[in-house]
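Before any comments, here is the structure.
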Amino acid sequence: MPRKKKLDETIAKIAETTTVTPVPPDSATEKATVEKSKPSKKETGEGVYFGNGRRKTATARARLYLPNQEVIIRGQKLSKGDIYVNGLPIEKYFSDPFARAQYTEVFRTTNTAGRFITTVKVEGSGKSGQLGATVLAIARALCTVDPKFKPTLRKKGFMTRDPRAREREKPGLMGARKQKQSPKR
């Protein structure tokens, strides 16, 4: 108890001797507060919908734009129904017919084929992992457009992240599981 009493006395003395003077705001802090108050496109919902997807070590970030948005990639204005991946048309980036069936199936399932301008940035892994990440990112972006799409996409398996990935190497082994042959045989 005496310790608490002593602490209270010192706090009271400090409070009596100190005076607080308000600091006038400088122009730099005022600008910072004004800039922070501006909402981003994601907050205002100005016709841009986002989705992230991962597969193996690939990460994809998809954006769906409403057709009234002006989207320009490499000097070319995109039109309704265009899908671009890393600045290239998706047909060039994923040229395999199996890949085409996968990324178009997401839009066909929700009856939104040709309704949006879609851009995707994907990095990491190989083409297969990037395709899986892209499909998941587009599916998640479609769910932000309309939450009613989620049960349909989940039933088709587009909302599930595929957890399979390369197993890491363990110390003392020649890879993830391969061992040296035992000499006692």
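Could you look through region 57-111, keep only residues that are within 29 Å of Lys155 (Cβ to Cβ) and of a type in the set (Lys, Arg), and pick out the one that is surrounded by the most Cβ atoms within 10 Å (Cβ to Cβ)?
Among those residues, the one meeting the criterion is Arg63.
Taking the criterion of being in a helix (DSSP H, G or I) and either within 21 Å of the chain's Cα centre (by Cα) or modelled with pLDDT under 90 (or both), would at least one residue in region 71-93 satisfy it?
Looking for residues that are in a helix (DSSP H, G or I) and either within 21 Å of the chain's Cα centre (by Cα) or modelled with pLDDT under 90 (or both), one finds at least one in region 71-93, hence yes.
State yes or no: is Gly114 buried (at least 20 other Cβ atoms within 10 Å of the Cβ), in contact with a helix residue (DSSP H, G or I) (Cβ under 8 Å, 6 or more places away or on another chain) and not acidic (Asp, Glu)?
Against the criterion (buried (at least 20 other Cβ atoms within 10 Å of the Cβ), in contact with a helix residue (DSSP H, G or I) (Cβ under 8 Å, 6 or more places away or on another chain) and not acidic (Asp, Glu)), Gly114 does not qualify.
Identify, please: which residue in region 94-122 is β-branched (Val, Ile, Thr) and in a helix (DSSP H, G or I) and is, among those, farthest from Arg54 (Cα to Cα)?
Thr109
The conditions are (1) at positive phi; (2) without any contact (Cβ under 8 Å) to a residue 40 or more places away in the chain, and Gly124 fails exactly one of them. Which is it?
Here Gly124 clears every test but (2).
Return the only residue of Arg168, Arg177, Arg154 being surrounded by 11 or more Cβ atoms within 10 Å (Cβ to Cβ), among the basic types (Lys, Arg) and free of Cβ contacts under 8 Å to residues at least 12 places away in the same chain.
Arg154
Which numbered condition in (1) outside any loop (DSSP other than H, G, I, E, B); (2) in contact with a helix residue (DSSP H, G or I) (Cβ under 6 Å, 6 or more places away or on another chain) is the only one that Met159 fails?
Against the list (1) outside any loop (DSSP other than H, G, I, E, B); (2) in contact with a helix residue (DSSP H, G or I) (Cβ under 6 Å, 6 or more places away or on another chain), Met159 comes up short only on (1).
The values are calculated or read from the model by the stated rules, or taken from the named source; none is laboratory data. Keep in mind the model is a prediction, meaning the values are calculated, not measured. Counting neighbours? That spans all protein chains shown, and the Cβs are built from the backbone with ideal geometry, glycine included.
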